[in-house]
Amino acid sequence: MSTPVTTPVLPAAPAAPPPAWIEIDLDALAENHARLTGLMRAHNPAAEVAGVIKADGYGLGADIVGPALARAGAPALFVAHLSEGAALRRALRADPDPARHALPVYILNGMAEGERADFLAFDLRPVLNGPDDLDRWTRAGQAQGGPLPAALHIDTGMSRLGFDEAGFKALATDPARLGGVDIRITMSHLACADDPAHPLNRRQLDRFRAVAAAVGRGRLSLANSSGLFLGPDFHFDLGRPGVALYGVNPVPGRPNPMVPVVRLKARVLQVRTIDSFESVGYGAAARARPGMRVATLAIGYADGWPWSAAGKGEVVIASHRAPILGRVSMDLVTVDVSTLPEQLIHGGAVAELIGDHRDVDALAKDAGTIGYEILTRLGRRYARQPMASGQTQVYPIGVPTPQTEVDPAP
Ligand SMILES: *Cc1c(COP(=O)(O)O)cnc(C)c1O
């Protein structure tokens, strides 16, 4: 007879503080929602601001920003995929206030064949992007005994998703086609909202007015983040901002009207003084001078820190600035800490990579991309830590001394 093997139960996750993390300021998120609501209500007291939280809440964690936006008063949330909607519904159902359990969640990409049961099970609403979506949701309603809620998306110049010109004309000439669905939102999406001078903005506005007159049902919604800053004509009933909620500037080239939401932090793994070698990192891209001190941080391009921003910008360690040095590795970034007081820089010290000294937009500029891409590429390895505005520290900072590690009894 063989001895039975017992496999010890694993802890859910390491108990030690993480090597890199994202701090998400929930007060700032609520403040940004309030600012956009104020902007709309200055002209339309009944206006409301929904939250777009596709791509896992623009990289911040939809399970964090979704419930937070619900608490801030968002009347609906938008994601792109069914799977995102399902996960979000779970997160909303976990909210202590049952009033938020049934918050409307819309799936921007519409409903594909075979998804009906999941839409119903997770209480999701499709954005109807064309006749196929409309047919499927109409049939779902027939099977359920009555029209089901949805949003209607008409393309006014993006040529991406939504009823096209011919599809819209068919609806406009025969509105009875919409009789089997319960349209709560009629929407379109702006292509050039971040460029106020672009003539397409006005053309899309005119087309959307025609859409609203012909088939508009429920709340009318045209503006994303930047669209809300094109003026009250673009507001209609429901704002659909994403990126501005997370603190990215919706008015490029002008001062950012939003407050920052994201801080990105990583620990120092090692510090070394360069003696004989003359370069740092891959490609020997950074020249070092003898005596230079280099700290290596626990973050790399696999975490979404852009490879294309190599050698640009600074991090902040204990209120001191340290220039980023050399290429970005998969898991590591090196910084020049030569001018920093030696006692402050040690393994375990914390470096701030996104924060007051360098916001998402500044990093995006250095990387040759847009703030949207920086946020949505934030990787899966970070701890995502919701915080309040005044809160300064979430994890113990500094090197654990040997005495702090208590060995379990043998
Ligand atoms: C992503 C998206 C938004 C939000 O856009 P932002 O520019 O992040 O404000 C709104 N509507 C639709 C249809 C979208 O795809």
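The values are calculated or read from the model by the stated rules, or taken from the named source; none is laboratory data. Fair warning: this is a prediction, and the values are worked out from it, not measured in the lab. Every residue, glycine as well, gets a Cβ built from its backbone with ideal geometry; the counts of neighbours run over all protein chains shown.
Scanning region 188-203 for residues being within 14 Å of the ligand (Cβ to nearest atom) and in contact with a Cys (Cβ under 8 Å, 6 or more places away or on another chain) gives a total of 1. Checking Gly242, Gly157 one by one, the residue that is closer than 21 Å to Tyr58 by Cβ, within 16 Å of the ligand (Cβ to nearest atom) and not hydroxyl-bearing (Ser, Thr, Tyr) is Gly242 and no other.
Restricting Thr334, Thr369, Thr392, Thr339 to residues that are within 16 Å of the ligand (Cβ to nearest atom), of a type in the set (S, T, N, Q) and either under 26 Å from Asp56 (Cα atoms) or modelled with pLDDT of 95 or more (or both) narrows the list to Thr369. Per this entry, Pro241 is not counted among residues that are over 12 Å from Thr186 (Cβ atoms), out of contact with any Ser or Thr (no Cβ under 6 Å at 6 or more places or on another chain) and in contact (Cβ under 8 Å) with a residue 12 or more places away in the chain. Listed by first and then second residue, the pairs linking a residue in region 52-74 that is within 15 Å of Pro96 (Cα to Cα) to a residue that is within 13 Å of the ligand (Cβ to nearest atom) and assigned to a helix (DSSP H, G or I), with Cβ atoms under 6 Å apart and 6 or more places separating them unless they lie on different chains, are Ala72/His33.
Within the option set Leu92, Leu82, Leu108, being in contact with a Gly (Cβ under 9 Å, 6 or more places away or on another chain) and either closer than 20 Å to Arg217 by Cα or at pLDDT 95 or above (or both) holds for one residue only, Leu92. Among the listed residues Val261, Val268, Val251, Val243, which satisfies the condition of being over 15 Å from the mean Cα position of the chain (by Cα), modelled with pLDDT of 95 or more and buried (at least 19 other Cβ atoms within 10 Å of the Cβ)? Within the list Val261, Val268, Val251, Val243, the selection yields Val268. For region 83-116, taking the residues that are small (Gly, Ala, Ser) and part of a loop (DSSP other than H, G, I, E, B), the one that is farthest from Pro131 (Cα to Cα) is identified as Ala94. When Gly114 is tested against (1) within 16 Å of the ligand (Cβ to nearest atom); (2) surrounded by fewer than 17 Cβ atoms within 10 Å (Cβ to Cβ); (3) within 21 Å of Gly180 (Cβ to Cβ), just one condition goes unmet, and that condition is (1).
Screening region 1-72 for helices (runs of 4 or more DSSP H) wholly inside it with 1 or more residues that are more than 14 Å from the ligand (Cβ to nearest atom) and surrounded by 23 or more Cβ atoms within 10 Å (Cβ to Cβ) returns the ranges 62-72. Looking at region 261-281, is at least one residue within 16 Å of the ligand (Cβ to nearest atom) and closer than 25 Å to Val350 by Cα? Within region 261-281, one or more residues are within 16 Å of the ligand (Cβ to nearest atom) and closer than 25 Å to Val350 by Cα.
Can you tell me which residue within region 329-369, out of those that are part of a helix (DSSP H, G or I) and under 19 Å from the mean Cα position of the chain (by Cα), is nearest to Ala286 (Cα to Cα)? Looking at residues that are part of a helix (DSSP H, G or I) and under 19 Å from the mean Cα position of the chain (by Cα), I get Ala367.
Is it the case that Ala76 is within 14 Å of the ligand (Cβ to nearest atom), more than 24 Å from Ile22 (Cβ to Cβ) and surrounded by fewer than 24 Cβ atoms within 10 Å (Cβ to Cβ)? First the steps, then the outcome.
Numbers: within 14 Å of the ligand (Cβ to nearest atom): yes; more than 24 Å from Ile22 (Cβ to Cβ): yes; surrounded by fewer than 24 Cβ atoms within 10 Å (Cβ to Cβ): yes.
In short, yes.
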